[in-house]
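This report concerns only the one structure given below.
Quick note: the coordinates plus some simple rules give every number you see, no bench work behind them. These numbers come from a predicted model, not from an experiment. Methodologically, a virtual Cβ is constructed for each residue, glycine included, from the backbone with ideal geometry; neighbour enumeration extends over all protein chains shown.
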Amino acid sequence: MDEAILLAEKYGAHNYKPLPVTLVRGEGCFVWDVNGRRYLDMLSAYSAVNQGHRHPRIIKALVEQAGRITLTSRAFHNDQMGPLFKQLCELTGYARVLPMNSGAEAVETAIKVARKWGYKVKGVKADQARIVACEGNFHGRTTTVVSLSTDAQYRDGFGPFTPGFDIIPYGSVEALERAIRPETVAFLVEPIQGEAGIVIPPKGFLAEAAKICKANNVLLLGDEIQTGLGRTGKLFASEHEGVKPDVMIVGKALGGGVYPISAILASEAIMDVFKPGDHGSTFGGNPLACAVAREALSVIVDEKLPERSARLGKYLMEKLSTIRSPKVKEIRGQGLFVGVELKREAGPARPACEALMQRGILAKETHEQVIRLAPPLVVDEPTLDDAVQKLTEILTA
């Protein structure tokens, strides 16, 4: 075990269980460890590195901006934030942007705007607003966000929890209809549940959910922090069903794998419930993050990364379908967002991920039984072929 791991284990909180590899360099879809060994990155920092590691254009934007000014706070304007807002709105069709830093902060912001909209616009009585969410969700780690989680470990020891949430089975239109009441202000949902194990809802669920929300004057909050910005073969996963959420939540790949930035996007009518002083962030919209995000978005568009993900995702699924192993329960995915679920009797997915690491592939288990396969969108067919071959060796051993 190298010194970096020993130091992390000695001085760091033990709230993660990473694979025992220490990375020192990254380029494109590959990373290198302290010993100079190269690995294929099949995690992409949970979809934060869609553009690939250290994309030259994004790094150039980072360095140039770092040479000018990095932080102003929102007490003043900076010359990068406004242009980013314009770029985001023109790309997505929304009218307003509110920038934050992490995905969890963006989810918190969406919850706040939905509640305030409920009181100021819908007319819900004070402190009575309710938000519907789904079983198996993962929206972050803050106290409020884990209040709507159904994962026992995410909640254990962190109560008392924030009230005002109603939980339904993921993918159930009928349950959503039953859950909505006069006090319901929003439905918060991931188009595909990533942390739950790349769980894809029944076809038509999101489209029907959008109709139900509209009919009941309820906001649809789309958490596309992991699924957005090209990961599933569209700019946003919601587009697969022709849905445009009332509030879009973005993060991760918005920072190009270089600098954290997140945001919510919405209409003027929704976003304008916020007045000066209602909500904010010292680092939210800082010029360094905005300069990086502008180039990160441009790379996604210029290099047609959503289209590339659609094509390579189909290719990967076809290759994975040839695996004949009694250990495999199901293989599911959309674009380059794929989960290989192992049967319980085959044991957890962690040993398979460790075996992949030994073969130069870095993947990570999620929810015990699922191997997540989500490489940077700049990956190519021969590289995917090699990954599938090595995965096949492990699953058929």
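When we measure straight from the Cα of LYS116, which aspartates and glutamates land under 15 angstrom away, once same-chain ones fewer than 8 places off are left out? Answer for LYS116, where 15 Å is the Cα cut-off: GLU108, ASP127, GLU183, ASP246, GLU268, ASP272, ASP278, listed by chain and number.
For Cα pairs less than 8 Å apart in space and 6+ apart in sequence, what is the mean separation divided by the residue count of the stretch 1-132, i.e. the relative contact order in percent?
Values: 65 pairs, mean separation 13.0, N = 132.
So the answer I get is 10 percent.
Rounding to the nearest 20 debye, state how big the charge dipole of the stretch 102-237 is about its Cα centre with +1 on each Lys and Arg Cβ and -1 on each Asp and Glu Cβ. Mind dumping the intermediate values first?
Values: 16 positive and 15 negative charges, 113 e Å.
That gives a dipole near 540 debye.
What's the longest bit of the chain with no exposed chymotrypsin sites (Phe, Trp or Tyr not before Pro), using DSSP loop states and at most 12 other Cβ atoms within 10 Å as the test? Working shown, then result.
Values: sites that count: TYR16, PHE76.
That gives 77-397 as the longest site-free run.
Among the listed values [x] 43, 24, 20; [y] 78, 23, 13; [z] 33, 26, 20, the one matching semi-axes √(5λ) of the Cα gyration tensor in Å as calculated from this structure is [z]. Taken over the stretch 35-80, the alpha-carbon convex hull comes to 141 cubic angstrom per residue. Comparing PRO351, PRO306, PRO20 in a Gaussian network model of the chain, where Cα atoms under 10 Å apart are tied by springs, the biggest mean-square fluctuation is seen for PRO20. Dividing the convex hull volume of the alpha-carbon atoms in the stretch 34-169 by its residue count gives 218 Å³ per residue.
Taking θ as phi - 60° and the Karplus parameters 6.51, -1.76 and 1.60, the scalar couplings of the stretch 283-290 work out to 8, x, x, 5, x, 5, 5, 5 Hz in sequence order, x denoting glycine and proline.
For GLU183, what charge total do you get from the other residues with a beta carbon under 12 Å from its beta carbon, if Lys and Arg give +1 and Asp and Glu give -1?
Working: positive: ARG115, LYS122, LYS125, ARG130, ARG181; negative: ASP127, ASP166.
Summing Lys and Arg as +1 and Asp and Glu as -1 gives +3.
In the Gaussian network model of the chain, springs joining C-alpha atoms below 10 Å, which of LYS275, LYS214, LYS112 carries the largest mean-square fluctuation? So, out of LYS275, LYS214, LYS112, the one fluctuating most is LYS275.
The charge dipole of the stretch 57-302, taken about its Cα centre with unit charges on the Cβ atoms of Lys, Arg (+1), Asp and Glu (-1) only, comes to about 460 debye.
When the chain is described by a simple charge dipole with +1 on each Lys and Arg Cβ and -1 on each Asp and Glu Cβ, the residue from GLY136, ASN15, PRO245 located farthest towards its positive end is PRO245. Relative contact order, whole percent, for the stretch 305-397 stands at 30, derived from Cα pairs under 8 Å and 6 or more residues apart. Each residue of the stretch 322-328 was assigned a 3J(HN,Hα) from its phi angle through the Karplus expression (A = 6.51, B = -1.76, C = 1.60, θ = phi - 60°), giving 7, 6, 10, 9, x, 7, 8 Hz with x at Gly and Pro.
Only helices enter the 222 nm calculation for the chain: every DSSP H run of n ≥ 4 contributes -39,500 (n - 2.57), and dividing by all residues gives -10000 deg cm²/dmol, rounded to 500.
A Gaussian network model of the chain, with springs between Cα atoms under 10 Å, assigns the largest mean-square fluctuation among ALA355, ALA129, ALA215 to ALA215.
Estimate the FRET efficiency between ALA95 and GLU345 by the formula 1/(1 + (r/R0)^6), using the beta-carbon distance for r and 56 Å for R0, to the nearest 0.05.
0.60
In order along the stretch 173-182, the Karplus-derived 3J(HN,Hα) couplings, from 6.51 cos²θ - 1.76 cosθ + 1.60 at θ = phi - 60°, round to 5, 4, 5, 5, 4, 5, 6, 6, 10, x Hz, and Gly and Pro are given as x. Taking the C-alpha atoms only, the angle from helix 103-117 to the longest principal axis of the chain is near 20 degrees. Under the criterion of Cα pairs below 8 Å and six or more residues apart, the relative contact order for the chain equals 23 percent. The calculated FRET efficiency for ASP302 paired with ALA4, based on their beta-carbon distance and R0 = 30 Å, is about 0.25. Looking at the chain alone, DSSP beta bridges between its own residues are antiparallel in about 65 percent of cases.
Of all aspartates and glutamates in the structure, the ones whose alpha carbon falls short of 17 Å from that of LYS327, not counting any fewer than 8 places away in one chain, are GLU341, GLU345, GLU354, GLU365, GLU368, GLU393.
For the chain, the longest principal axis of the Cα atoms and the long axis of helix 56-66 meet at an angle of about 50 degrees. Compared with the alpha-carbon gap, the fully stretched path from LYS211 to ARG68 is longer by 46.8 nm at 0.36 nm per residue.
The mean of 1/r over all distinct Cα pairs in the stretch 243-397, once inverted, gives the Kirkwood hydrodynamic radius of 18.1 Å.
May I ask which of LYS314/LYS343; LYS203/LYS314; LYS234/LYS329; LYS329/LYS390 have a Cα-Cα span longer than 20 Å here? Those over the limit are LYS314/LYS343; LYS234/LYS329.
Once you charge only the Cβ atoms, +1 for Lys and Arg and -1 for Asp and Glu, what is the size of the charge dipole of the stretch 329-397 about its Cα centre, to the nearest 20 debye? With Lys and Arg at +1 and Asp and Glu at -1, about 260 debye. The Cα atoms of the stretch 294-351 define a convex hull whose projected area, averaged across directions, is 5.2 nm².
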